[in-house]
Amino acid sequence: MKLAKFLLTPPIVAISVSLSIALGAQAAVRLKADATGLNDGTSWANAFTNAHDAVAAAIEGDGIVYAAGGKYVCTNKFAIARDFAIYGGFAGASESETLDDRDPAAHPTVFTGDVAGDDYWVNRLIGATKDSNGTAIWNGLEFIPPPDEVIYSRPADKDFSDNTDIFFDQTAGDLTLDGVAITGFKGVNATDDTAFRFSGGGTLTMNGVRYVGNAGALSGGKKLYAIRVIGSTFVAKGCAFVGNAQGIYVKPAAAAHTTSAENCTFSHAYVHDGCAGAVFMASASASLTLTDCTIRRCYYVDGQNTYNGATLLRSMGPLMMTRCAVEDNRLTVNADRMAYIEGSATITDCVFRRNIRNSNALTAPSGVLGFYGQSARIINGCLFEDNEYTSTKADASGNYCTASCVMSHWGTLSVLNTTFRNNSVTCPEGSENYACTVGCQSWYNAGGSILYYAGLAVVNCIFDGNTATAGSAGKSGEIACNDRTAEYCAAKNGTPTVAIANTVAWPAATDGQGVVLPAGFVPEVVNSALKNFDATDYELGTQDFMENVYTVANPLEGAVLVEKEGCAPQLKLAAQSPLARKGRPIYLKDKAPYIYWDSTETDKPWYNLVDKSMKAKAISGFTKDGPYAADAFGADRKAHSALGPLNTDPLGMLMLVR
């Protein structure tokens, strides 16, 4: 099937679909809008012209519909309780046509709930309701993407009464949708609150599907989603989800129910009324995997529930993101978090760029990624660039730590081989307010014991050109741990850990702080350049270490940041020093980085950088000679050698990181 041209944008990684099945090999029902034969679905000449007739016949038959290019107006939902499949993109000209012969770009197959054919894009942000000059979503069979400058991009402020309630409502079996477009459907009330419901207990597979301009119910509440997948598995490949109101809600009934999207585009989605997730709301233990996906121009502009609001996604189970681009998303008004992640997470080789959060929500501690709950997370090989965070809640007792890129509440977070550049964060006046690029925060019981533990490790990273402003009474810096942690940090046992290794944190401002920590808190630092960091402020305990730390007070720190030509943006930054030290090898196990540090406790030299209370005599599968964690360029970090890009002779480069 010729797939790439069918999508809104070319896929990041090409999807190859090989389904060489002759039409005659299965008793598939044919659907063709301009057929003039017997209207019984037995051939292209005699194909059904009405989608409802074709689906009804397929339900009684083998549950397969082959659809030729055309527009099919659906006036009622399809209620199905069996295995079912619809394949679009056929020319419908030859009875020998196979699935591999399909071309959805040349033969768009559009199932629409827009009975009147008058849906259009509108701009909610400027109050453009029922705008007669709005851009049409479809021109015949041609899809018209929403203009990039439009903030609110779904057809809901017009008279929506002509649009059909719900596309599919499947309660049993598997469902495959392949090479079709689905548009103009809506949810209607608290019961039928979605434009597409799948609760069959099997697998919903979308391949090469355009799902555009659909909407959850408009009646308020927290369960308004463009697609609801309940007690089932969801798989999307090569799809474009564009201009929908709300995202995809998934709630598994068993561990075997997983959710994955590969090579998909999610754009111009709109979140409102306290709901979470323009892309996904992954409930309970839902496993969510995003690979080679683009998430762009999604918006949260009508937030009424500060706690649940998440522009992009709310993930409560395991999350894995690989080679994804998250760009130009917006969170405004009373919304809370851009991404709310409660489960474990592995985020690798992703780019987060030009995302803007401007909110007056009080409990709003994260700009792009916010981690909550007692789980382990790792960010590896990513780029955070030109993101903006502004909090307008002027409350001195807010007691929140503000981050323009990443905030870890509770649990452990390891950030490896990652570049943070030209990000900005601003929060109002308040003695308890922190502004930072990456931060962590623990919570305590009233009696002083740690209720939720937070551990942060920053390894092989670089912070360049970021700005943070917390008012005259607040504190700001690149890496921060806020005052909630400091209240009881004198009790070393169980105190949250902030460890920094092989890292440069060099803010743009002359008086900028590389690290901001509460009084009495002791960071673990090795082989790093931290602007305006005074190591003499910290009294080291028996478990603490601080070695080869360069600051502005040292005339030989030389942490000069330069550009490296001829490579990807996230690989351009280099930090140089005339007295550079060899980087210390890093070992990685179960999302936690380790170093071999025998200068403090020789009987327990293995040191967990995200939880300093975890020291060990030995780590299963590791020796002092490796295996090492890969650096930003995929090479092992060799000890005491100049073979890797992060390791050079003493008078060479300090580090070269993403």
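Each reported figure results from applying straightforward, stated rules to the coordinates on display, with no laboratory input. Keep in mind that this is a model prediction, so the values were computed, not measured. Here the Cβ is made from the backbone with ideal geometry for all residues, glycine too, and neighbour counts use every protein chain on show.
Provide the FRET efficiency to the nearest 0.05 for the Ala91-Met320 pair, computing r from the beta carbons and using R0 = 51 Å.
Given R0 = 51 Å and the Cβ-Cβ separation, E is 0.85.
If you stretched the chain out fully between Ser285 and Thr98, how much longer would it get, using 0.36 nm times the residue separation minus the C-alpha to C-alpha distance?
63.4 nm
Just grab the label-to-label distance for Ala508 and Lys604, each label 7 Å out from Cα along the Cβ direction, in nm (one decimal).
4.4
What's the FRET efficiency of Ala27 with Ala253 using the Cβ-Cβ distance as r and R₀ = 35 Å, to the nearest 0.05?
So the FRET efficiency works out to roughly 0.65.
Peptides 97-109, 135-147, 228-240, 53-65: what's the order by average Cβ count within 10 Å, highest mean first?
Packing order, densest peptide first, comes out as 228-240, 97-109, 53-65, 135-147.
Which whole-Hz ³J(HN,Hα) couplings does segment 457-466 yield from phi under the Karplus relation 6.51 cos²θ - 1.76 cosθ + 1.60, θ = phi - 60°, glycine and proline marked x?
Values, residue by residue: 10, 10, 10, 6, 10, 9, 10, 9, x, 7 Hz.
Of the peptides 373-383, 500-510, how do they stack up when ordered by the mean number of other Cβ atoms within 10 Å, highest first?
Ranking, from highest mean packing down: 500-510, 373-383.
For Asp34 and Asp62, FRET efficiency with R0 = 30 Å and r from the beta-carbon atoms, rounded to 0.05?
It comes out at approximately 0.75.
Mind ranking 408-416, 292-300, 614-622 by how tightly packed they are, going by the mean number of other C-beta atoms within 10 angstrom, highest first?
Going by the mean number of other Cβ atoms within 10 Å, highest first, we get 408-416, 292-300, 614-622.
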